[in-house]
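What follows is a set of notes on a single structure, which appears directly below.
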Amino acid sequence: MFRSGLTCPGCGSSNIVDDDLYAQAQLVCTDCGSVVSEGTLADEPVGGSVVSYSRSTAVTKKPCMNLIKGVQRLKALCRILRVNSEIEDQSEKYYKDAYQHESFINVTLQKKEVLAGCCLLVSCRLRNWPITMGTISCLLDADFNVVGATYKEMVKILNIKAPIVNVTDVMEAHSQEYKISSYPEELAETSKDLTKRALALVELAAESWIVTGRRPVPIMMAAVYLGWQSLNPNQHRLRMSLEKFCQLAQVKKCRAAMTRIAEMKEMLCKLGKELPWIRGAVTPDNVIPQVDDILQNRYALLRRAMRAHEDTLQAECQTSSADPQTEQTAPSQITEHVAQTPNTSSVEQSEPNPDRAEPPADKEANLQTAPEQSDVQGSPDPAPNWGKRVLFAPPCVVHPKKRRAPQPELQDVTGDEEISDSEIDSYLRTPREVRDFVLTQKMLSEEGKS
């Protein structure tokens with residue numbers, strides 16, 4: 001390409017061209033071949049054509065707005081729970097990894113927020129930081145089942161082996177949520193004393209199978225409520241219900257906590273009956289003042305209650321086994337009496353006791369019912385629930401699920417079956433029903449006109 005305005009210093013020619021043969025562009029005179037300039041920079045920018053920002057790689061490096069909001073929500077949860085920086089960094093890493101997965105990239109914003117809480121939960125469990133799934137659900141104001149399902153899915157996708165948290169590990173953190181230390185003396189209780197008493201109740205409940213297979217939050221709430229009542233069992237605390245206690249402590253009431261309270265009171269009653277200095281009956285209404293003594297001697301009371309229950313079962317077994325023996329001894333005594341009186345007639349031998357003699361009609365009825373009774377006796381009885389016989393048993397044994405009875409096979413319905421008179425009568429209205437129907441229609445029509 002010719003360059004205008006330039007002349008060769010050797011021959012004065014204006015035929016100057018760009019020589020692109022080498023790595024650097026040079027201006028060369030075509031007449032004499034001398035190099036006019038060497039190593040000059042090109043006028044156009046080096047590096048190719050201009051690329052827009054939307055097509056550059058910087059866009060792919062920048063996270064989307066939903067991811068940024070999710071990370072901000074995750075950091076806010078970390079500040080609320082006051083976790084350390086290691087847990088916060090690990091939670092953010094898990095959240096970014098799970099966010100890019102196909103199972104969470106196209107879900108609702110609420111589920112993405114739940115995902116952030118689940119990442120924080122698994123990081124706390126891996127770092128041995130006491131926190132429950134119920135706490136995460138409360139902070140996110142999300143359904144407990146949704147949080148649990150998202151947690152399981154996230155752990156499976158990221159292939160995380162999270163340890164199982166025991167109820168006693170998170171008891172201290174749960175007890176600190178109850179704000180009752182600033183009230184009057186008859187209602188106030190320090191968090192340290194409340195945690196100690198509630199932890200003892202949870203351990204005792206675990207030994208009596210109440211904790212098995214149950215959600216931790218209702219059990220901890222029941223333990224805190226009963227522990228708060230037992231630390232100072234005055235009239236103000238004993239008369240206060242769980243709902244008012246939760247309002248006082250500024251926590252959300254859990255519906256299942258009432259059932260756990262009833263189960264714990266029943267357990268305490270079974271142990272309180274074994275206290276030697278208790279003379280009256282121990283009921284759920286008066287067992288709270290005895291909680292301190294029960295917890296101090298719980299191991300001895302457990303052994304004593306189990307031994308007393310076993311003795312009661314053995315006495316019942318002996319009593320039930322003695323009844324058939326008395327029934328079996330009666331025929332043997334009759335045969336001995338017949339053998340001792342051989343001169344009696346056959347009628348007297350067949351009827352040793354006139355009180356036991358039966359008329360012929362009764363004998364025929366007994367003969368007819370005998371096969372039916374044998375069939376009933378031969379039918380297998382359903383297996384008894386062994387949870388009813390022991391003092392403490394798992395909840396799934398004490399209250400088993402009812403098994404569905406086998407449904408009879410449905411016969412083919414053709415539509416030509418005969419309809420019984422009783423079924424036809426069930427479709428017809430009685431005179432009273434007709435009168436009530438007419439009266440109701442009349443009242444409805446009058447109300448519509450008015």
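The values are calculated or read from the model by the stated rules, or taken from the named source; none is laboratory data. Owing to the predicted nature of the structure, the values given are computational and were not obtained by experimental measurement. Backbone-built Cβ (ideal geometry, glycine too); neighbour counts: all protein chains shown. Just the protein is used for accessible areas: all its heavy atoms, side chains included, with ligands, DNA and RNA removed. Shrake-Rupley method; radii C 1.70, N 1.55, O 1.52, S 1.80 Å.
Multiplying the residue separation of Lys252 and Gln72 by 0.36 nm and removing their Cα-Cα distance gives an extension gain of 62.2 nm.
For Lys96, the lysines whose Cα comes closer than 16 Å to its Cα, not counting residues fewer than 8 places off in the same chain, are Lys61, Lys62, Lys69, Lys75, Lys111, Lys112, Lys156.
In the full protein context, the range 168-308 carries 52 Å² of accessible surface per residue, based on a 1.4 Å probe and ignoring ligands, DNA and RNA. Accessible area of Trp129 (1.4 Å probe, protein heavy atoms only, ligands and nucleic acids ignored): about 80 Å². Rounded to the nearest angstrom and listed largest first, the equivalent-ellipsoid semi-axes of the range 65-164 from its Cα gyration tensor are 17, 15, 14.
In this view, the solvent-accessible surface of Val170, computed with a 1.4 Å probe and all protein chains in place, comes to about 0 Å².
In this rough spin-label picture, where each label sits 7 Å from Cα along the Cβ direction, the Arg432-Thr414 distance is 4.1 nm.
Could you give the accessible area per residue of the range 65-164, probe 1.4 Å, as a whole number in Å²?
Values: 5480 Å² over 100 residues.
Value for the range 65-164: 55 Å² per residue.
Close Lys pairs in the range 241-287, defined as Cα atoms under 29 Å apart and 8 or more places apart or on different chains, number 8.
Carbon-plus-sulfur fraction of the accessible area of the range 167-254, 1.4 Å probe, in percent? Each step should come with its number before you reach the end.
Details: 2090 of 4320 Å².
Carbon and sulfur together cover 48 percent of it.
If R0 is 56 Å, the Cβ-Cβ spacing of Arg307 and Asn84 corresponds to a FRET efficiency of close to 0.70.
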